[in-house]
Amino acid sequence: MIKEELFIEAKKTFAEKYGQPHTIASFAPGRVEIIGNHTDYNEGFVVSSAINYGIFFLLAPNGLDHSRVFCGRTQEHATFQMANLDLGLDGGGWAKYIYGSIVELLKGSDGVLPEIDAMILGDIPLGSGLSSSAALEVATAFAVAKLGNISKTNLEFAKIAQAAEHTYAGVMCGLLDQLSSIYGKENQLIMTDFRSIEVENLPLGDDASFIVCNTKVKHALVDGEYNERRESCEKAAEFFKEKLGDRISTLRDVTSAELEQYAGEMDPIAAKRAAHVIGECERVLAGKKYLDEGKIEKFGQLMYESHDSSINNFENSCPELDFVVEASKSIPGVMGARLSGGGFGGSAVLLVHPRNAQTIGKALANAYENEMGTDCEIYYVKAFSGATVL
Ligand code: GLA
């Protein structure tokens, strides 16, 4: 299943732009985090889903001495040389994810790839917390690997894309976004154990669907806040390692009871960050059980608890997200809601019955505009298949 119309537009634009058709195309979807917040880099659990919004990456060898990339939405260009990747990128923003993925993909391989003309076209709202950057990294890695006949496992691809994010965007993210973009399945959620990297697809019954509400808020210093949260978690894990020994390597290994026992001895901020992660891991496991048993409303309740913990413990929410989650509680038919992804702005995800989705989406958009005096964006997301070479 791909996005036919967007693909046609991408092919047409490529041919017009470069005067020849593309030879390789890939597609990678964005993702929504359903529950399990900031647990991935703590080797915990997450339920996520690839979504029906994504990015196409098209390329063709160009016979020139440099490669050119073009963004179909912003009409911006960038260039680099496959033959001299260490000379860097001429261009910025979106292009650094492309360049970064190529550098990471080709690390350790000898042989030079031909210079290419490439283009991206996508429909994931940027900066919305739906992982447009991960989709771009993954789409790039898939298409360029095809060009070079480079074979990688899905996990290796996810790590290549993550390394691009670490090095070229400076965000020390976990593997959630890249992995979700790769492992998505139509009508199925993705449950991941981020220690063993075992991925299980969970069928999403006919009674559940998700609405994403993009607040369009992106607070400054988000990336710094993210990295700072990650460091706090690592410090908290160190504390527990000292207390409880080597069976602790990350916060995933600490139980709520142990946290309660030692919280008084901890730096209060570290204790709150730990409470979030430990609570989220427990909520994901409980939530998976509810999904297996078809207890969707109970699952929704856990989403509300997750958001409360973001407000009180992890402090990664913001007034706009809090408004969406609070307002959702008085819209009939909403079963649960929480912020999705890194936080500090971006999107909230709502669990609803598919038959109510449109009515709920409209009610929420109205409530948001009345309260905030500015609009939000509503997306009816579907669990979608993962990245692919077309
Ligand atoms: C961002 C990161 C992910 C994950 C989430 C929070 O999306 O890229 O790795 O940590 O935040 O769960």
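The values are calculated or read from the model by the stated rules, or taken from the named source; none is laboratory data. Everything numeric in this text was worked out from a predicted model, so none of it was measured. Counting neighbours? That spans all protein chains shown, and the Cβs are built from the backbone with ideal geometry, glycine included. Ligands, DNA and RNA are excluded from the accessible area calculation, which covers all protein heavy atoms including side chains. Shrake-Rupley method; radii C 1.70, N 1.55, O 1.52, S 1.80 Å.
The table below lists the values:
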{"item": "Residues (within 15 Å of the chain's Cα centre (by Cα) and not hydroxyl-bearing (Ser, Thr, Tyr)) located in region 133-154", "result": "Ala134, Ala135, Leu136, Glu137, Val138, Ala139"}
{"item": "Flag for Glu231 being open to solvent by 10 Å² or more (accessible area, probe 1.4 Å) and either away from the ligand (no atom under 16 Å from the Cβ) or over 30 Å from Pro268 (Cβ atoms) (or both)", "result": "no"}
{"item": "Filter pass, Ser101 being at pLDDT below 95 and polar (S, T, N, Q)", "result": "no"}
{"item": "Of the criteria (1) in contact with a helix residue (DSSP H, G or I) (Cβ under 6 Å, 6 or more places away or on another chain); (2) in contact (Cβ under 8 Å) with a residue 60 or more places away in the chain, which one Phe7 fails", "result": "(1)"}
{"item": "Single match in Gly264, Gly300, Gly245 (criterion: open to solvent by less than 90 Å² (accessible area, probe 1.4 Å), of a type outside the set (A, V, I, L, M, F, W, C) and closer than 23 Å to Gly336 by Cα)", "result": "Gly300"}
{"item": "Count - residues of region 172-201 that are open to solvent by less than 30 Å² (accessible area, probe 1.4 Å) and near the ligand (Cβ under 10 Å from one of its atoms)", "result": "8"}
{"item": "Residues of region 131-148 that turn out to be without any contact (Cβ under 8 Å) to a residue 60 or more places away in the chain and open to solvent by 10 Å² or more (accessible area, probe 1.4 Å), as a count", "result": "2"}
{"item": "Output for region 151-171, where each listed residue is in contact (Cβ under 8 Å) with a residue 24 or more places away in the chain, surrounded by fewer than 16 Cβ atoms within 10 Å (Cβ to Cβ) and of a type in the set (Val, Ile, Thr)", "result": "Thr167"}
{"item": "All positions within region 318-332 that are of a type in the set (Ser, Thr, Tyr) and surrounded by 22 or more Cβ atoms within 10 Å (Cβ to Cβ)", "result": "Ser328"}
{"item": "Subset of region 107-123 (residues that are within 25 Å of Lys159 (Cβ to Cβ) and open to solvent by less than 40 Å² (accessible area, probe 1.4 Å))", "result": "Leu113, Ile116, Ala118, Ile120, Gly122"}
{"item": "Criterion (surrounded by fewer than 23 Cβ atoms within 10 Å (Cβ to Cβ), of a type in the set (Ser, Thr, Tyr) and within 16 Å of the ligand (Cβ to nearest atom)) met by exactly one of Tyr41, Tyr97, Tyr53", "result": "Tyr41"}
{"item": "Condition met for Ala337 (out of contact with any helix residue (DSSP H, G or I) (no Cβ under 8 Å at 6 or more places or on another chain), closer than 17 Å to Ile51 by Cβ, at pLDDT 95 or above and among the hydrophobic types (A, V, I, L, M, F, W, C))", "result": "no"}
{"item": "Among the residues listed as Ser317, Ser310, Ser347, the single one being modelled with pLDDT of 95 or more, within 14 Å of the ligand (Cβ to nearest atom), under 25 Å from Ile378 (Cβ atoms) and part of a helix (DSSP H, G or I)", "result": "Ser310"}
